[in-house]
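Each remark here refers to the structure printed beneath this line.
Quick note: the coordinates plus some simple rules give every number you see, no bench work behind them. A quick note: this is a predicted structure, and the numbers were derived from the prediction, not measured. Note that each Cβ is placed from the backbone with ideal geometry, even for glycine, and that neighbours are counted across all protein chains shown.
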Amino acid sequence: MSEGLFTQLLDLACGAFLLAAVVVLWRRELAAIVRIFALQGVALAAVALLLGLHEDRWGLILVAAGIGALRAGWLPYLIRRALKAFVAERDGGHGEARETQPLVNVAASLLTAAALTLLAYAVARPLVELDPTPATRALPVGLAVVLIGFFVLVTRRRALAQVVGFLLLDNGITMTAFLAASGVPLIVELGVSFDVLLAVLVLQLLTVRVREAFGTTDIDDLRELHD
């Protein structure tokens, strides 16, 4: 793969990765948010695949396949199952689950995402200047998604939306590791991926238990019950 083609494809994949995180802030329908997260998993797998092909590293190509299967397939499937169970219990399977009024509205969330992206580029600038390779120049994208994922985690009220925020945060950390160090060893990525899968399973179980006990996963409703 030529250097020019690699740079163009890497920029495209990183752009799609960052755009998916921003669109999560924009959309309110939980089903759409899960689909966008799955697309981000595809973009993350594409970045790992491009690095593996460019550097001729078969281990990194295997990591890309594992990321695609887990973060674009299995994890969205688990969240989708929990979402269907929630909709079925709430209104007999009709309608669509939506994020209630978040702590920060959509317009302010998009402006915050822009500010966080600028902050990520400012923070990563010294690192990019040290080694201005195509992968290092894309490093701010991973940092920006880390910040956006944390923002989603703390401003959303639905438990499933917060789970997606946690996973965005993890995707950003993984992307940063790939771009900063040209990938991570296969055994390390497998260990991290299994940890993330375990965390999602635990969060899904807790969400189901909370819904069975209180009939809702809205944080504000639960706070009112406590008061």
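A few notes on this one:
- Charge context of residue 19, other residues only, Cβ under 15 angstrom, K/R +1, D/E -1: +1
- Two-site label geometry, residue 58 and residue 115: point separation in nm, points 7 Å out along Cα→Cβ: 5.0 nm
- Integer Hz, Karplus 6.51/-1.76/1.60 couplings in order for segment 46-57, x for Gly and Pro: 5, 4, 4, 5, 4, 4, x, 5, 5, 9, 6, 10
- One chain, two ends: residue 3 and residue 65. Fully extended at 0.36 nm per residue, the span grows by 20.1 nm beyond their Cα-Cα distance.
- Listed by Cβ neighbour count within 10 Å, with the fewest neighbours leading, 109, 2 appear as 2, 109.
- As a rough guide to protection, the peptides 146-153, 76-83 ranked by mean Cβ packing within 10 Å, highest first, stand as 146-153, 76-83.
- Fully extending the segment from residue 103 to residue 11 would add 29.9 nm, taking 0.36 nm per residue of separation and subtracting the current Cα-Cα distance.
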